[in-house]
Structure formats: structure tokens, C-alpha cells
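This report concerns only the one structure given below.
Computed from the coordinates by the stated procedures, all read-outs in this text should not be read as laboratory data. Quick caveat, the model's predicted, so the values are computed rather than measured. Cβ coordinates were reconstructed from backbone atoms using ideal geometry, including for glycine residues, and neighbour counts include every protein chain displayed.
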């Protein structure tokens with residue numbers, strides 16, 4: 001039997017991963033425990049797969065998708081397990097026990113978990129070192145980032161190679177943290193975005209536009225640390241820290257700590273409604289995905 | 001005499017604005033008080049102007065640049081004043097008094113100030129309503145964002161029109177705030193980026209890569225508020241706030257409040273050195289600017 005990738009869970013993330021793996025030539029065996037949900041999966045995977053090949057037209061696109069009836073069928077002959085079960089610790093722990101009892105020995109179990117951490121997830125495993133967290137940035141078939149954490153460095157090296165082989169950009173964490181890296185950064189930024197709405201400094205759409213036409217644009221090309229390095233002029237980050245470090249610390253003191261109380265929620269909902277200008281979520285997603293494909297094609301080989 | 005734009009101050013920001021205005025057909029009269037600095041300005045403006053036309057090849061590029069010997073010469077016949085003096089309140093207040101005494105009456109004085117606020121800057125003016133803050137995101141000839149604040153709404157409408165006419169994307173603030181919008185967002189994000197370095201969660205380069213291949217890429221296309229709207233699925237932001245609002249608030253509690261102490265500074269400097277891989281600031285700037293031009297050409301008309 002040909003090598004395959006097991007995708008566990010056929011929700012949004014599982015479907016998106018499947019589309020990516022199939023587009024990159026893998027045979028995917030997908031297990032979704034809710035039988036009712038299985039019927040629509042192949043056509044949904046197929047739609048997303050087209051976006052992957054739009055982004056990377058050179059792909060041979062020779063993989064296949066099979067929805068299995070049981071977990072054991074999905075695991076048979078697999079060389080990689082991507083787990084996308086609901087974000088509940090007991091449920092995932094039980095699943096890992098089942099996988100350890102069934103899957104080929106030592107195959108890596110990569111959890112797409114967004115909000116949970118490795119130490120909680122691995123606590124009851126026979127061999128915890130075979131679990132890694134491999135958190136994709138949604139949607140994984142279009143966004144390159146995968147954040148890795150685990151305790152077996154050889155396995156993490158192999159994981160980085162695997163994700164690179166399907167066009168992803170893996171990064172490594174040295175310590176686990178709730179929200180990994182990217183969602184912590186997003187959360188920190190959004191806190192101040194919510195603060196400005198709450199305090200009446202600017203409207204939702206003006207804040208979003210300031211981000212998109214300012215720092216968001218910059219951060220599609222260079223990271224925040226590197227941006228401050230360039231912000232220091234010829235002296236770089238050393239000069240920046242010496243001359244502008246104190247004013248940065250002062251600005252940190254001035255940032256807000258909003259709460260998502262009723263009044264703030266209402267301002268956010270009203271602001272988003274204006275910003276959406278009648279476009280549905282589905283319309284906005286189509287527009288977002290097309291733009292993401294265009295940006296990435298333009299950036300190939302050009303990021304710092 | 002033909003209408004002209006007065007650019008006051010020939011530092012990095014003044015030069016970048018001048019390149020933009022000239023590329024869009026304006027005659028720019030630039031006053032730099034330090035006579036020694038004037039010699040190199042025309043060639044530096046010319047270099048940046050080429051980047052503007054690389055980004056927007058349709059521009060007729062018919063403007064001109066004149067470095068004047070006095071403030072009065074720069075102001076003569078101007079229809080717009082872009083002020084880029086050093087970030088010191090007394091110096092800018094004195095400058096505004098000189099401008100009010102000399103410039104055509106009622107022409108808007110637009111301050112590029114990054115760290116100061118309108119109420120401080122305008123406090124001693126005969127006609128404070130003619131001052132606006134118009135903060136560009138660096139470098140202004142390549143980054144579309146301009147953040148506007150002032151007290152005269154007609155003047156702000158005209159300012160928005162003026163900046164749109166030179167290819168910028170103006171946003172409005174309803175209340176002044178230190179750091180305007182974009183630098184507050186940047187500052188909030190960087191605080192958590194520094195926190196993760198300080199706590200040993202990830203290396204500088206992994207954090208930068210997580211941003212560039214994850215949220216930065218996303219934010220080049222859609223804003224943070226809109227991203228959470230789409231993150232809520234078919235129910236949008238209302239669903240998101242109801243179901244994930246509490247976990248977001250919990251994550252906010254887990255974000256760090258680092259200080260830029262000696263140990264943290266050293267970690268940042270060491271991390272940036274590794275990330276730069278021997279490339280000089282100048283090399284990195286060239287790479288950044290080329291990538292910024294590519295992304296923006298790809299995104300024309302595609303942002304949400």
C-alpha cells in the first residue's frame with residue numbers, strides 16, 4: 001500500500017489540510033467520526049484544492065482523498081497523522097490513546113490545536129515524545145505558517161521538513177505557550193484595536209484600514225523586530241533601543257486594557273456592519289482568499 | 001506662479017514626501033534649515049521618486065523640486081504645507097508662528113508628527129484650526145497610510161482628498177491619541193513579541209517569521225476586526241464575541257508586560273543579528289522596498 005497521510009477530523013481545518021496534502025501529491029485518508037458530515041467532504045476538499053493549485057500552478061496535483069469509516073482504516077499505512085479534533089483535552093487524550101493502540105509505531109501525531117498546549121495534551125500518552133503541536137494559521141491550505149512545539153528535536157526537524165515539503169513555512173517554539181506565537185501577537189494587537197474602538201479614538205473601519213495600509217502591509221514583508229531594526233537607521237536595533245526604547249516603554253504604558261463588555265461588543269458589531277458594506281461572510285472570504293493568493297504569488301522569494 | 005507644495009524639513013520623512021509629491025506632478029518647494037544638508041537632497045529625492053514610479057508606472061512624473069534658502073520662499077504660492085520638523089513641541093510651535101506670519105492665509109499646515117499630538121502642537125497658534133496632524137507610515141512614498149486628526153471637518157475632508165490625489169490612503173481619528181492608530185497597534189504587537197523573546201518562548205527570527213507568514217500576511221489583506229468577523233464563521237463577529245470573547249479576554253490576561261532591560265535588549269540585539277544573516281541595514285531596506293512595491297502592485301483593487 002502506498003504511503004498516506006492520516007487526517008483526523010473533517011471540520012474546517014481538517015478539510016483545508018486535506019486539500020493541501022492532496023494538491024501536493026499525498027494520498028489522504030480522512031476520518032470524520034460523524035457519519036452525516038462525511039458526504040460533503042470530498043467536494044469541499046476539491047474546491048479548496050483548486051485554490052492551492054491557483055497559488056502554486058506547478059503542482060502535479062496527483063494525490064487522492066478517501067474518507068474512511070473508522071479511525072483504524074485512516075491510520076493504516078500512514079506516515080503522518082494530522083489531528084484536528086475538537087479543542088477538548090479529554091477528547092484528544094482519548095483519541096491519542098486510540099491512535100497509539102492502532103497506528104504504525106512511532107509515526108508522529110501532529111495536533112493542529114489552536115488553544116491547547118502540548119503538556120496538557122500529551123500527559124497520558126505511552127510515548128509523549130511522538131506528539132507535537134503543529135498549529136496552522138487558518139486557512140492552512142492558503143496560509144504558510146505552521147507553529148511547532150514538542151520535546152523530540154529530531155522529530156521536530158522531520159516535521160519542519162514535512163511541512164516545508166507541502167509549501168508551508170514552519171517556525172519553532174522553545175517553550176510552549178497558550179496561543180503559540182501568532183495568535184498571541186494577533187491577540188495583543190486586537191486588544192489595542194478594541195481599546196481604540198471602546199475609547200472612541202477611531203471607528204472600526206478606520207482602524208482596520210490603518211492596519212491594512214500601514215503595519216499589515218509592512219509585516220507581510222518584514223517582521224516586527226526587523227522593522228524596529230530598520231527603524232533605528234544605520235545604527236539598527238541597538239540605536240533604536242538606546243534612543244527610542246524609553247519612549248516605546250512609555251507608549252506601552254499608554255495602551256489600553258479593554259473588556260469585551262456589552263457596550264464595547266455593540267460598537268464592534270456596528271462598526272463591522274458598516275465596514276462589511278452588505279457583503280456576506282462568504283463574499284468576504286472569497287475576496288480574502290483571492291487577495292491572499294495574489295499577495296503570495298507576488299512575494300515568492302521576496303520576503304526578508 | 002504655479003501652485004506648489006511646501007515641504008518643511010529635509011530629513012527622511014521630508015525627502016520621502018517630496019519624492020511622492022514630485023512623482024504625482026507637484027512642484028515642491030523644500031526648506032531645510034541646515035544649509036549643509038541641502039546639497040544631497042535633490043539626488044536623494046530623485047532616487048526615491050524612481051521607486052514611486054516603479055510602483056505606479058502610469059504617473060506622468062512632471063513635478064519639480066526646488067530647495068529654498070528661506071522658509072518664506074518655500075511658502076510662497078503654496079497650496080499645501082507638509083511639516084516634518086524635529087519632534088520637539090517648542091520648535092514646532094515657533095515654526096507654526098513663523099508660518100502663520102508668512103504663508104498664504106488659511107493654507108493647511110499638515111504635521112507629519114509621529115509622537116506628538118494636535119492639542120500640544122496647536123496650543124499657541126492664532127488659528128489652530130488650520131493645523132492638522134497627517135502622520136504617514138514610513139516611508140511615505142511607498143506606504144499608503146496617512147492618519148489624520150484636526151478640528152475642522154471641512155479641512156479634514158480636503159486633506160483626505162489631497163492625500164488620495166497622491167495615491168495615499170487617509171484614515172480619520174475621532175480623538176487624538178499618542179501614536180495615532182498604526183503605531184499604537186505596532187507597539188501593542190511588539191510588546192508581546194518582546195515578551196516572548198524575554199521569556200524564551202521563541203527566538204527573534206521565529207517570531208518575525210510567524211508574523212510575516214501568518215497574521216502579517218493576513219493583515220495585508222484584511223484588518224484585525226474583520227479577521228475576527230470571518231473567524232466567527234457564518235455568524236460573524238456576533239458569534240465570535242458570544243462564543244470566543246471570554247477566551248480572548250483570558251488570552252489578554254496571559255499577555256506579557258516586558259521591560260526593555262539590559263538582558264532583554266541583549267537578547268533582541270543578538271536575535272536580530274542572527275536574523276539579518278550579515279545583511280546591512282541598506283541591503284535590508286532595498287529588499288524591503290522591492291517587496292513592498294511587489295505586494296502593492298499585486299493588491300491593487302483587491303483589499304477588502
Task: Label spacing, shortest first and in nm, from residue B:256 to its equivalents in the remaining copies (7 angstrom along Cα→Cβ) - done: 2.6
Task: Label-to-label distance, nm, for residues given as residue B:120 and residue A:36 (7 Å Cα→Cβ offset) - done: 6.0
Open item on the list: Please list log₁₀ I(q)/I(0) at q = 0.14, 0.16 Å⁻¹ for segment A:212-274, using the Debye equation with identical point scatterers on the alpha-carbon positions.
Closed with: -0.65, -0.76
- [ ] May I ask you to report, in nm to one decimal and beginning with the shortest, the distances from residue A:102 to the same position in the other copies, taking label points 7 Å along Cα-to-Cβ?
- [x] 8.0
Open item on the list: Whole angstrom only: what separates the Cα centroid of segment A:1-68 from the Cα centroid of segment A:79-128?
Closed with: 20
Open item on the list: Just to confirm my numbers, what's the Cα centroid distance between segment B:251-304 and segment A:147-199 in Å?
Closed with: 16
TODO: Just check segment A:33-109 against the gyration tensor rule for me: Cα atoms, a ≥ b ≥ c as the square roots of the eigenvalues, rounded for a/c under 1.5, and otherwise prolate or oblate depending on whether a/b exceeds b/c.
DONE: prolate
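Below 8 Å between Cα atoms, with a sequence gap of 6+, how large is the relative contact order for segment A:182-299 in percent?
Over segment A:182-299, the number comes to 35 percent.
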Open item on the list: Under a crude label model (7 Å from the Cα following the beta-carbon direction), how far is residue B:93 from residue A:54 in nanometres?
Closed with: 5.6
- [ ] Please give the length that would be gained between residue A:297 and residue A:12 if that part of the chain were fully extended, namely 0.36 nm times their separation in residues minus their C-alpha to C-alpha distance (nm, one decimal).
- [x] 100.2 nm
Open item on the list: Please compute, for peptide A:243-251, the average count of beta-carbon atoms on other protein chains lying within 10 Å of each residue's beta-carbon.
Closed with: 5
Open item on the list: Within 10 Å of each Cβ in A:134-141, how many Cβ atoms from other chains are there, averaged over the peptide?
Closed with: 2
TODO: Just grab the label-to-label distance for residue B:250 and residue B:101, each label 7 Å out from Cα along the Cβ direction, in nm (one decimal).
DONE: 6.4
Task: Helix-only mean residue ellipticity at 222 nm for chain B, each DSSP H run of n ≥ 4 adding -39500 (n - 2.57), per residue, nearest 500 - done: -16000 deg cm²/dmol
- [ ] Quick one: work out Rg over Rh on the C-alpha atoms of chain A, Rh as Kirkwood radius.
- [x] 1.00
Open item on the list: Against the 2.2 N^0.38 Å scaling, with N counting residues, where does segment B:153-197 land? I'd like the Cα-based Rg ratio to two decimal places.
Closed with: 1.59
Open item on the list: Over segment B:20-167, what is the relative contact order in percent, taking alpha-carbon pairs closer than 8 angstrom and at least six residues apart?
Closed with: 21
TODO: Going by C-beta contacts inside 10 Å, put A:56, B:220 in order with the fewest on the left.
DONE: A:56, B:220
Task: Calculated label separations, residue A:154, copies of the chain, 7 Å along the beta-carbon direction, nm - done: 7.7
Open item on the list: Stokes-Einstein diffusion coefficient for segment B:4-172 at 4 °C in a medium of 1.567 mPa s, Rh from the Kirkwood formula over Cα pairs: what value in µm²/s?
Closed with: 83
Open item on the list: Show me, bin by bin at 20 Å from 0, the whole-percent P(r) of the protein assembly as shown based on Cα pairs.
Closed with: 19, 51, 24, 6, 0
Task: Residue order, fewest to most surrounding Cβ atoms within 10 angstrom, among A:196, A:34 - done: A:34, A:196
Open item on the list: Can you give me the angle between helix B:41-55 and the longest principal axis of chain B, using Cα atoms only, in degrees from 0 to 90, rounded to the nearest 10?
Closed with: 50
Task: 10 Å binning of all Cα-Cα separations within segment B:182-299, expressed as whole percents from 0 upward - done: 11, 31, 35, 18, 4
Open item on the list: Please compute, for peptide B:284-293, the average count of beta-carbon atoms on other protein chains lying within 10 Å of each residue's beta-carbon.
Closed with: 5
Task: B:68, A:66, B:262, B:133 arranged by Cβ crowding within 10 Å, fewest neighbours leading - done: B:262, A:66, B:68, B:133
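What percent does the relative contact order of chain A come to when contacts are Cα pairs within less than 8 Å and at least six residues apart?
Dividing the mean separation by the residue count of chain A yields 14 percent.
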